[in-house]
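Asker: Dropping a structure here in structure tokens format, bear with me for questions.
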Amino acid sequence: MKNFILTLKPKYIAVYALGILTLGMAVALLKRGNLGVPPWDTSTLNLKSLLDYYDISITVGQSSLIHTTGLLFITFLLKRSWKTFLALIPMVLVSLAIDAFDLFFFVWIPSYDAMLGMQILLFTLGTLLMTFGLAAIIISGYPPNIYDAFQLAIMDVFHLRSFTIARWILEFSGIGLGILYALLEPGEGLGTVTFLSIGLAAIFGTIIKQYIKMFKALKLMNRDGL
């Protein structure tokens, strides 16, 4: 895969910013839907729950930043490129966006435990927003979210041509970590890991790929090799 080229074009800056904002919205909505969250968000929310159990208070955004920092160093070891650390930009911005929507903008939306209709609505909306946001960041040509950078590193290092298989590796790694945190917390079962989370791990790459095709059709593509 060729290296992407950074270009300061307003339309791509707008797409990039929109991607970051929609990721923050998605996490806050999925958390409130309480029906299941995407793979790496199971890790984010289950780590926060585990630390809360031991009276260590962190925000959802901070928990996300802990995981992205770990993936940053793994990606650096795979790529051996200092450009990997450009991912610090979206890492911090996404963390701030998550907390902004979770603690401020969406604070008026309750957490639904029994209203299945609202749970399905929030789950569907959150999933569509998250995959849109991830695709927008990828195609913008600007420093990718570290999850996407890790996926692209897997494709480069192991010469994988399948976007979907590389995404499966990424997503099921998140599920595994989320299960581990849940098992370390007494009496909480699997926490936010549900069958829907596992299902999303299987289809996330496909949904993102469809959004990328949509961006290509709109001639909004600032990254080659996809």
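The values are calculated or read from the model by the stated rules, or taken from the named source; none is laboratory data. Just so it is clear, the structure is predicted and the values come from calculations on it, not from any experiment. Don't worry about glycine lacking a Cβ; one is built from the backbone with ideal geometry, like all the others, and counts go over all protein chains shown. Heavy atoms of the whole protein, side chains included, go into the accessibility calculation; ligands, DNA and RNA do not. Shrake-Rupley method; radii C 1.70, N 1.55, O 1.52, S 1.80 Å.
Asker: In segment 39-87, which residues are hydrophobic (A, V, I, L, M, F, W, C) and without any contact (Cβ under 8 Å) to a residue 12 or more places away in the chain?
Answerer: If the condition is that a residue be hydrophobic (A, V, I, L, M, F, W, C) and without any contact (Cβ under 8 Å) to a residue 12 or more places away in the chain, then ILE56, ILE58, PHE73, PHE76, LEU77, TRP82 are the ones that fit.
Asker: With the checklist (1) closer than 27 Å to LEU50 by Cα; (2) modelled with pLDDT under 90; (3) open to solvent by 40 Å² or more (accessible area, probe 1.4 Å) in hand, flag the one item GLY225 doesn't pass.
Answerer: Unmet condition: (1).
Asker: Does LYS213 satisfy being open to solvent by 30 Å² or more (accessible area, probe 1.4 Å) and without any contact (Cβ under 8 Å) to a residue 24 or more places away in the chain?
Answerer: Spelling it out, LYS213 is indeed open to solvent by 30 Å² or more (accessible area, probe 1.4 Å) and without any contact (Cβ under 8 Å) to a residue 24 or more places away in the chain.
Asker: Same structure, new question: Could you tell me which residue of segment 7-20 is surrounded by the most Cβ atoms within 10 Å (Cβ to Cβ), considering only residues that are of a type outside the set (Ser, Thr, Tyr) and in contact with a helix residue (DSSP H, G or I) (Cβ under 6 Å, 6 or more places away or on another chain)?
Answerer: Result: GLY19.
Here's the yes/no breakdown for (1) among the polar types (S, T, N, Q); (2) at pLDDT below 90:
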site	(1), (2)
GLN62	yes, no
HIS67	no, no
PHE76	no, no
LYS83	no, yes
LEU88	no, no
ILE98	no, no
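Asker: Let me ask something else. Need pairs with beta-carbon distance below 6 Å; first residue farther than 24 Å from ILE208 by Cα and within segment 105-126, second of a type in the set (S, T, N, Q); sequence gap 6+ or separate chains.
Answerer: SER111/ASN34; TYR112/ASN34; TYR112/GLN119; ASP113/ASN34
Asker: Tell me, which residue of segment 131-162 that is outside any loop (DSSP other than H, G, I, E, B) and aromatic (Phe, Trp, Tyr) is surrounded by the fewest Cβ atoms within 10 Å (Cβ to Cβ)?
Answerer: PHE132
Asker: A further question follows. Any idea which of (1) modelled with pLDDT under 90; (2) farther than 18 Å from ALA136 by Cα; (3) among the aliphatic types (A, V, I, L, M) is the one LEU47 doesn't satisfy?
Answerer: (1)
Asker: Same structure, new question: Would you confirm whether or not segment 23-36 contains a residue that is in a loop (DSSP other than H, G, I, E, B), open to solvent by 40 Å² or more (accessible area, probe 1.4 Å) and within 22 Å of ILE120 (Cβ to Cβ)?
Answerer: For segment 23-36, residues in a loop (DSSP other than H, G, I, E, B), open to solvent by 40 Å² or more (accessible area, probe 1.4 Å) and within 22 Å of ILE120 (Cβ to Cβ): present.
Asker: Is it true that some residue in segment 109-128 is surrounded by fewer than 22 Cβ atoms within 10 Å (Cβ to Cβ), over 26 Å from ARG223 (Cβ atoms) and of a type in the set (Asp, Glu)?
Answerer: Looking through segment 109-128, at least one residue is surrounded by fewer than 22 Cβ atoms within 10 Å (Cβ to Cβ), over 26 Å from ARG223 (Cβ atoms) and of a type in the set (Asp, Glu).
Asker: Right, another one. Listed residues ALA182, ALA201; which is surrounded by 16 or more Cβ atoms within 10 Å (Cβ to Cβ), modelled with pLDDT of 85 or more and in a helix (DSSP H, G or I)?
Answerer: Step by step, each of ALA182, ALA201 is checked, and only ALA182 is surrounded by 16 or more Cβ atoms within 10 Å (Cβ to Cβ), modelled with pLDDT of 85 or more and in a helix (DSSP H, G or I).
Asker: Please verify whether segment 70-77 includes one or more residues that are open to solvent by 10 Å² or more (accessible area, probe 1.4 Å) and in contact with a Leu (Cβ under 8 Å, 6 or more places away or on another chain).
Answerer: No, segment 70-77 contains no residue that is open to solvent by 10 Å² or more (accessible area, probe 1.4 Å) and in contact with a Leu (Cβ under 8 Å, 6 or more places away or on another chain).
Asker: Given the criteria hydroxyl-bearing (Ser, Thr, Tyr) and either part of a helix (DSSP H, G or I) or free of Cβ contacts under 8 Å to residues at least 24 places away in the same chain (or both), does THR192 qualify?
Answerer: No: the conditions fail for THR192.
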